[in-house]
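The values are calculated or read from the model by the stated rules, or taken from the named source; none is laboratory data. Since we're looking at a predicted model, the values are computed, not measured. Every residue, glycine among them, receives a Cβ derived from its backbone with ideal geometry; neighbour counts consider all protein chains shown. Just the protein is used for accessible areas: all its heavy atoms, side chains included, with ligands, DNA and RNA removed. Shrake-Rupley method; radii C 1.70, N 1.55, O 1.52, S 1.80 Å.
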Amino acid sequence: DHIKGKKLVKILGFKSNYIFYLWYIFVALLTIFIWLLFPKFLLFLFLTVAAFHFGKEDSEFIGKNKSFELIYFFKGSLIIISPLLFHKNETLDIFRSLNFDISGNILINNEILYLFIFLSFISNIILSFNKSFNSKSLLLMDFLSILILNYFLNPIIAFTIYFCFLHSIRHSISLIKNINKNIKKGLPIFLKKAIPLTAVTIVVYLFSLFFLNNYYELNQAVYKVIFIGLASLTFPHILLEYLIEKNEK
């Protein structure tokens, strides 16, 4: 993101790159602060934004289309809906540990969940229109792999595998290609720029986990660090993507 941040700073005409770092950290801290005040509202907003974000970024290989905004949301909603369908009690326990109790809510009835999964499948079909056979196959494999992961594994492990090995790797490859179309040449540059900030993130994660473990059970502390941490990184990340896209146009 700091590569894109420098690009945005240049587009907006600022002279110092530090303005980007201050802005990015401020949005991340503001997200945590709002979560502490309004956890239910922010978790609901985060899940909604995350569904759209996952759907859009997981479809980058077929090209972006502004008219597909709602389609991206339904495609990405599969990440949120699948654990609720296959491991409802475990998922609700995670939500409760985040002060978000939706047990008894009509939206988690199996009929509604199956409807969202159907809409996600239809979204993949719409996105595959006029696309190559390889693109159609990848969209179908995406859909099936998320269902299979969530059917056989508990929600946290299923999400971790999806996030680290399906979503993030694909996004990283697209970023490497932005640096250099030759992946072999772009990869060392990408790692050199990504590793320092990744190391900082790991340190902050471990510190937060150690701190929260003084007040909560280990599982609850892990859930809070994962979801609040992801939210604090996702909102500035999505805002940056939006500003880049808007200003480039």
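Computed quantities for the displayed model
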| item | result |
| --- | --- |
| Selection within the range 1-22 - free of Cβ contacts under 8 Å to residues at least 12 places away in the same chain and either open to solvent by 70 Å² or more (accessible area, probe 1.4 Å) or within 22 Å of the chain's Cα centre (by Cα) (or both) | LYS10, PHE14, LYS15, TYR18, ILE19, LEU22 |
| Residue that is open to solvent by less than 60 Å² (accessible area, probe 1.4 Å), of a type in the set (A, V, I, L, M, F, W, C), over 19 Å from ILE226 (Cα atoms) and in a helix (DSSP H, G or I), where the choices are PHE118, PHE68 | PHE68 |
| Any chance ILE81 is under 16 Å from PHE159 (Cβ atoms), among the aliphatic types (A, V, I, L, M), assigned to a helix (DSSP H, G or I) and open to solvent by less than 50 Å² (accessible area, probe 1.4 Å) | yes |
| Unique residue being aromatic (Phe, Trp, Tyr) and crowded, with 17+ Cβ neighbours inside 10 Å when the list is PHE74, PHE61 | PHE74 |
| Selection within the range 84-99 - part of a loop (DSSP other than H, G, I, E, B), at pLDDT 85 or above and open to solvent by 60 Å² or more (accessible area, probe 1.4 Å) | none |
| Checklist (1) of a type outside the set (S, T, N, Q); (2) part of a helix (DSSP H, G or I); (3) surrounded by 12 or more Cβ atoms within 10 Å (Cβ to Cβ) applied to TYR216, failing item | (2) |
| Among the candidates ILE34, ILE108, ILE102, residue that is of a type in the set (A, V, I, L, M) and at pLDDT 90 or above | ILE34 |
| Close pairs from the range 181-204: first within 16 Å of HIS171 (Cα to Cα) and of a type in the set (Val, Ile, Thr), partner open to solvent by less than 70 Å² (accessible area, probe 1.4 Å) and not in a loop (DSSP other than H, G, I, E, B), Cβ under 7 Å, at least 6 apart | ILE183/ILE176; ILE189/ILE179 |
| Restricting the range 121-137 to residues that are among the aromatic types (Phe, Trp, Tyr) and loosely packed, with under 15 Cβ neighbours inside 10 Å, the residue that is modelled with the highest pLDDT | PHE129 |
| Any chance LEU36 is touching a residue at least 12 places away in the same chain (Cβ under 8 Å), closer than 30 Å to LEU197 by Cα and not in a loop (DSSP other than H, G, I, E, B) | no |
| Residue in the range 239-247 that is at pLDDT below 90, farther than 28 Å from LEU78 by Cα and surrounded by 11 or more Cβ atoms within 10 Å (Cβ to Cβ) present | yes |
| Members of the range 170-192 found to be open to solvent by 80 Å² or more (accessible area, probe 1.4 Å) and either within 20 Å of LYS7 (Cβ to Cβ) or within 20 Å of the chain's Cα centre (by Cα) (or both), listed by number | LYS177, ASN178, LYS181, LYS185, LYS192 |
| Whichever residue in the range 150-169 is in contact (Cβ under 8 Å) with a residue 40 or more places away in the chain and over 16 Å from the mean Cα position of the chain (by Cα) and, among such residues, is most open to solvent (accessible area, probe 1.4 Å) | TYR151 |
| Residue ID - modelled with the highest pLDDT, chosen from residues in the range 1-27 that are of a type in the set (Val, Ile, Thr), touching a helix residue (DSSP H, G or I) at 6+ places or on another chain (Cβ under 7 Å) and more than 20 Å from ILE189 (Cβ to Cβ) | VAL27 |
